[in-house]
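Chemist: I have a structure I would like to understand better, so I am pasting it below and will then ask my questions one at a time.
The values are calculated or read from the model by the stated rules, or taken from the named source; none is laboratory data. Everything numeric here is computed off the predicted structure, so don't read it as measured data. Here Cβ is always computed from backbone atoms with ideal geometry, including for glycine, and neighbour counts include all displayed protein chains. Just so you know, the surface numbers come from the protein's heavy atoms only, side chains and all, with ligands and any DNA or RNA stripped out. Shrake-Rupley method; radii C 1.70, N 1.55, O 1.52, S 1.80 Å.
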Amino acid sequence: MTSAFSWIKADETAAQALVRILTERPFLVLPAPLHRLPLRVGNVVEVVGPSPSAKTLILIQAAINCILPKEWKGVHYGGLERAVMFIDLDCRFDVSSLSRALQRRIIEANGLRSSLKGNVNEIDKELFAACMGRFLYTRCYNSFEFLATLKTLHHRLQQEKEKRGSAVYMLLIDSIGAFYWMDRALPSSSTGNNNRKSLSLQTVVETVVHEIQRLMAVHPILVLATKSAAFGDKQSTTEVIRKRSDEKMLASRGPQNTSHRDFMPSVWQSFVSHRLLLRTSDGISKHQNHPTFSTEWLLPSLKSSEHFTVDDDGVLVTI
Amino acid sequence: MAPLEDLEREYPIVDSNFRLFCASHGIFTDEDFLVHDLYALEGFAGQGYAPEKLKQGIKQVLSIIENRHRPWLNGLELLEDAHLNKRTLSTGCERIDVLLQGGLREGHVIELVGPSSSCKTQVCLKAASHVAGNYLGKVIYFDTGNSFSPKRIVQFLSLSSDHSTTEVNKTIQQVMSSIVCHSVFDIFTLLNMLHQLMNDLKSQIDCQVKMLIIDSLSSLIAPVLGGGGTHGHALMVTAGFFLKELAHEYNICVMVTNHMVGGEAGVSKPALGESWKSIPHVRLLLSRNYSSNGSFITVLKHPCLATGKSTESLVI
């Protein structure tokens, strides 16, 4: 009897659950253009855009919001003080752009206060070092390195949790389609062995999704991935055009006849919970000689669209 | 792809019994492990004969896999690496250096794109002579169109120095001996040579390499692209990632050139187009300025600089 009762006994009260969830899964306001929708841990956000369209910059800005503390020596920074992990598949990450953006944010936050006090703002080295220490980075030169990274990420996440006392909040992947062409040309080695999984784009992406899903079941993390909006091989493109020619005739009268075409296997497409599309917008006059980009939420689809540009210092400016 | 037999010498736990178990699940190489669900495999191991030993074997393979990927670094370690190992190399053209805030970074892949006679090769030669002369390093030059001109390099060197003839001759000797030029006429030879270079660097035979120039990369890749197949693109991206790995891991500055071809509606476009765009760190567009007999350079892409910046006309 007692064992049955203990089974139906409540584990925690609503208040306890709320406290636990708020500490385990705090809500983070992400910088523009990701601020429109509330993104929480467990979401998989994909930022799609042509190259260059400031995709990596958006990831870096999001990472900075996460690694900054909420408050430090009386100055409000509005961050989470949680670690982020950055898996660089494009292998083009430049640490100086991160450090400069972080320094600028620290100065800005201090500027509000120092204008009141009137002292010259100098970057707090200790704060800077603490923030940079929360940024973890690795790079992969092919899909197998990426898979090996994901396979061992569980241990790594656990280590970080024990070391820091707080779990990693964000997993950033730049960019998910980097090895698309290499994987498509993988030699099929499955001849003769029926139960052997053939190495192909499909199995690689399936394994990637499977591993991330498994990680997210144990560790509450927010996944942000970029994808360059390249187009598939010519053959399939023409097929699509042929199929859609009638639709396109109708659609071309509308304002947007360039639809986004996904090249990743459907297993990844259905794994994504939020998708933001970036475009270069030429319609609007150039903002002080810098190219402007427009954003559009495809998933869930939002009507509103925003415009932003990147200035000389590498700062996103919404217009 | 290493068969599991190869692992036995180093790790005796990967014995024939373990391999038999793996083979029954369709695992023959360590790459097969990567696309397999290791938790499910562990479950199967628990049901079979000698489960402890099999589980130990799976753990061993997992730790082998752990060594396969590159280590996680935090932001401070990255900054330290950038400060210690990634220097900025001057190209020898003042205007380019000013545009790029100092010059070319080690660890970057820089692409020069432009129509013919827009000084692509001249910039390459100039950078090669300057780097070889000023940084005491080796410059490897892959020449695909027989456009490498030692005479031009001598010209650059004698123009830039105002010393006596004997001293100029000494510099020329030194610079010429540190530029290694290879003629490459197809992508497979290129990949082969890059492999060899990587092996040499790994075993530290050749650690003085500062710069790698491929003039022009597009003329090797463009012939294998197209036709609706995927192999051309795969070769292109493979070569691209090879260059990125060489550049970053061995602190080399890689410079490649890309020519222009006629596109739709008569507008010329780069021979390596959309799928190539995500490979280089820096893309510079060279365009000819007919009025002043020079070229000007526009930044198409740079990790730190805003796009669209350009130099005034420069004569090389």
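Chemist: If you go through segment A:132-146, how many residues are within 7 Å of chain B (Cβ to nearest Cβ), in a loop (DSSP other than H, G, I, E, B) and surrounded by 23 or more Cβ atoms within 10 Å (Cβ to Cβ)?
Modeler: Counting residues in segment A:132-146 that are within 7 Å of chain B (Cβ to nearest Cβ), in a loop (DSSP other than H, G, I, E, B) and surrounded by 23 or more Cβ atoms within 10 Å (Cβ to Cβ) gives 1.
Chemist: Could I ask something else about it? Could you tell me whether any residue of segment A:71-80 is buried (at least 22 other Cβ atoms within 10 Å of the Cβ) and within 12 Å of A:Leu28 (Cα to Cα)?
Modeler: No, segment A:71-80 contains no residue that is buried (at least 22 other Cβ atoms within 10 Å of the Cβ) and within 12 Å of A:Leu28 (Cα to Cα).
Chemist: Does segment B:275-296 hold any residues that are within 14 Å of chain A (Cβ to nearest Cβ) and open to solvent by 30 Å² or more (accessible area, probe 1.4 Å), and which are they?
Modeler: Scanning segment B:275-296 gives B:Lys277, B:Leu285.
Chemist: Right, something else. Looking only at segment B:248-269, which residues are at pLDDT 95 or above and either on the phi > 0 side of the Ramachandran plot or small (Gly, Ala, Ser) (or both)?
Modeler: none
Chemist: I'd like to verify a number: residues in segment A:5-49 that are within 22 Å of A:Leu316 (Cα to Cα) and of a type in the set (A, V, I, L, M), how many?
Modeler: The total comes to 10.
Chemist: Of the residues in segment A:115-146, how many are among the aliphatic types (A, V, I, L, M) and at pLDDT below 90?
Modeler: Residues in segment A:115-146 being among the aliphatic types (A, V, I, L, M) and at pLDDT below 90: 3 in total.
Chemist: Still on this structure, I have one more. Could you tell me which numbered condition B:Leu272 fails, if it satisfies all but one of (1) open to solvent by 50 Å² or more (accessible area, probe 1.4 Å); (2) within 14 Å of chain A (Cβ to nearest Cβ)?
Modeler: Exception for B:Leu272: condition (1).
Chemist: Given the options B:Val261, B:Val299, B:Val256, B:Val267, name the one that is within 14 Å of chain A (Cβ to nearest Cβ) and either hydrophobic (A, V, I, L, M, F, W, C) or surrounded by fewer than 17 Cβ atoms within 10 Å (Cβ to Cβ) (or both).
Modeler: Among B:Val261, B:Val299, B:Val256, B:Val267, only B:Val299 is within 14 Å of chain A (Cβ to nearest Cβ) and either hydrophobic (A, V, I, L, M, F, W, C) or surrounded by fewer than 17 Cβ atoms within 10 Å (Cβ to Cβ) (or both).
Results for (1) modelled with pLDDT of 55 or more; (2) buried (at least 19 other Cβ atoms within 10 Å of the Cβ); (3) closer than 30 Å to A:Gly42 by Cβ, shown as yes or no for each residue.
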position: A:Gln213; (1), (2), (3): yes, no, yes
position: A:Ile221; (1), (2), (3): yes, yes, yes
position: A:Lys243; (1), (2), (3): no, no, no
position: A:Ser285; (1), (2), (3): no, no, no
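Chemist: Report, by residue number, each residue of segment A:1-43 that is touching a helix residue (DSSP H, G or I) at 6+ places or on another chain (Cβ under 8 Å) and open to solvent by 90 Å² or more (accessible area, probe 1.4 Å).
Modeler: Listed by number, the list holds a single entry, A:Val29.
Chemist: Let me ask something additional. If you take the residues of segment B:210-253 that are in contact with a Lys or Arg (Cβ under 9 Å, 6 or more places away or on another chain) and more than 12 Å from every other protein chain (Cβ to nearest Cβ), which of them is farthest from B:Ser275 (Cα to Cα)?
Modeler: Only one residue fits best here, namely B:Lys210.
Chemist: Sticking with this structure for a sec: Could you grab me the full set of residues in segment B:99-126 that are within 29 Å of B:Gly262 (Cβ to Cβ), crowded, with 17+ Cβ neighbours inside 10 Å and over 17 Å from the mean Cα position of the chain (by Cα)?
Modeler: Once the filter is applied, which keeps residues that are within 29 Å of B:Gly262 (Cβ to Cβ), crowded, with 17+ Cβ neighbours inside 10 Å and over 17 Å from the mean Cα position of the chain (by Cα), segment B:99-126 yields B:Leu99, B:Gly114, B:Ser118, B:Cys119, B:Lys120, B:Thr121, B:Gln122, B:Val123, B:Leu125, B:Lys126.
Chemist: Could you list all residues from segment B:10-29 that are at the interface with chain A (Cβ under 9 Å from one of its Cβ atoms) and open to solvent by less than 50 Å² (accessible area, probe 1.4 Å)?
Modeler: B:Ala23, B:His25, B:Gly26, B:Ile27, B:Thr29
Chemist: Which ones in segment A:303-319 are open to solvent by less than 60 Å² (accessible area, probe 1.4 Å) and not polar (S, T, N, Q)?
Modeler: Residues satisfying the conditions are A:Glu306, A:His307, A:Phe308, A:Val310, A:Asp311, A:Gly314, A:Val315, A:Leu316, A:Val317.
Matching residues to (1) more than 24 Å from B:Leu286 (Cα to Cα); (2) polar (S, T, N, Q); (3) open to solvent by 40 Å² or more (accessible area, probe 1.4 Å):
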site: B:Asp97; (1), (2), (3): no, no, no
site: B:Ala128; (1), (2), (3): no, no, no
site: B:Phe142; (1), (2), (3): no, no, no
site: B:Pro150; (1), (2), (3): no, no, yes
site: B:Ser158; (1), (2), (3): yes, yes, yes
site: B:Val175; (1), (2), (3): yes, no, no
site: B:Ser178; (1), (2), (3): yes, yes, no
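Chemist: Checking A:Asn43 against (1) over 21 Å from the mean Cα position of the chain (by Cα); (2) over 26 Å from B:Pro71 (Cβ atoms), only one condition comes out false. Which one?
Modeler: Only one criterion is unmet by A:Asn43, namely (1).
Chemist: For the list (1) open to solvent by 80 Å² or more (accessible area, probe 1.4 Å); (2) hydroxyl-bearing (Ser, Thr, Tyr); (3) in contact with a Lys or Arg (Cβ under 7 Å, 6 or more places away or on another chain), I need the number of the one condition that A:Ser51 fails.
Modeler: The single condition A:Ser51 does not satisfy is (1).
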